[in-house]
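Worksheet: the structure to be examined is printed underneath.
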Amino acid sequence: KNEVEQSPQNLTAQEGEFITINCSYSVGISALHWLQQHPGGGIVSLFMLSSGKKKHGRLIATINIQEKHSSLHITASHPRDSAVYICAVYAGGGADGLTFGKGTHLIIQP
Amino acid sequence: NAGVTQTPKFQVLKTGQSMTLQCAQDMNHNSMYWYRQDPGMGLRLIYYSASEGTTDKGEVPNGYNVSRLNKREFSLRLESAAPSQTSVYFCASSGGRNTEAFFGQGTRLTVV
């Protein structure tokens with residue numbers, strides 16, 4: 001079973017700051033997901049990546065398959081970015097379904 | 001485009017009662033999943049269905065049953081609810097491994 005660790009668990013920053021959230025996993029994978037969950041809300045897929053870097057607006061996700069590590073960056077952070085960010089990978093071992101990190105609770109203060 | 005729709009959004013049950021959570025997707029996905037989300041823990045897989053007519057246990061299947069009624073619908077049943085099943089439940093679908101996952105809005109279930 002793949003273990004997924006995220007850091008930090010909680011992060012409070014000021015509007016405009018550059019944000020980095022880290023994710024590491026224990027078993028080799030072929031793809032990693034970054035998800036966003038607003039308080040009381042549903043879960044939205046931000047990125048799925050298997051190598052290199054992807055960018056969408058102010059969000060950038062990178063992955064290093066050899067080091068089993070991924071980062072999610074937010075540039076020019078805004079209060080609307082306040083949410084829980086979740087890293088997830090496929091469980092492996094023949095089982096389908098994602099294994100999730102516990103999430104990073106991000107608060108951006110104006 | 002509705003995506004993944006799950007019902008109900010909220011439910012309160014008494015211990016021992018039964019209920020079925022409904023999930024439907026309109027993206028022609030083969031794979032569907034039920035997860036639960038508890039405070040301080042990541043989402044955990046309850047059951048999944050890799051294709052119509054097949055279902056398999058995930059990490060925490062005890063106390064639950066599922067039915068893949070057709071390609072669109074995947075239901076989760078609690079036969080005799082217990083307080084330990086108080087959680088937020090999410091249905092998800094995808095085209096399979098290494099494809100984007102789409103989630104429903106969640107069902108907040110409280111068992112008293």
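Bear in mind these aren't lab numbers, they're just calculated from the coordinates by the rules spelled out. Bear in mind the structure is a predicted one, so any value in this text is a computation, not a measurement. Cβ coordinates were reconstructed from backbone atoms using ideal geometry, including for glycine residues, and neighbour counts include every protein chain displayed.
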Nearest-20 debye value, the range B:17-99 charge dipole, Cβ charges on Lys, Arg, Asp, Glu: 80
For the range B:1-46: rounded, prolate or oblate by the Cα gyration tensor [a/c cutoff 1.5]: oblate
Farthest positive-ward along the range A:1-90 dipole, Cα basis, beta-carbon charges - from A:L72, A:H33, A:F18: A:H33
Difference of contour (0.36 nm per residue) and Cα-Cα distance, B:T86 to B:D26: 18.8 nm
Cα-derived Rg over Rh, computed across chain B with Rh taken as Kirkwood radius: 0.95
DSSP bridge pairs, chain A: antiparallel proportion in percent, nearest 5: 90
R0 of 22 Å, Cβ-Cβ distance B:R108-A:H73: FRET efficiency to nearest 0.05: 0.10
Under the Karplus curve 6.51 cos²θ - 1.76 cosθ + 1.60, θ = phi - 60°, whole-Hz ³J(HN,Hα) for the range A:78-89, x wherever Gly or Pro sits: 9, x, 5, 7, 4, 4, 9, 10, 10, 9, 8, 9
Residues A:S50 and B:S51, FRET efficiency given R0 of 30 Å [Cβ-Cβ distance, rounded to 0.05]: 0.85
Spread of Cα-to-Cα distances over 10 Å intervals beginning at zero, given as percent, for the protein assembly as shown: 8, 34, 35, 19, 4, 0
Calculated diffusion of the range A:35-110, Stokes-Einstein form, Kirkwood radius summed over Cα pairs, 25 °C and 0.890 mPa s, µm²/s: 181
Relative contact order (percent, whole number), chain B, Cα cutoff 8 Å, 6+ residue spacing: 36
Charged-residue dipole, Cβ positions (Lys, Arg, Asp, Glu), the protein assembly as shown about Cα centre, Debye nearest 20: 200
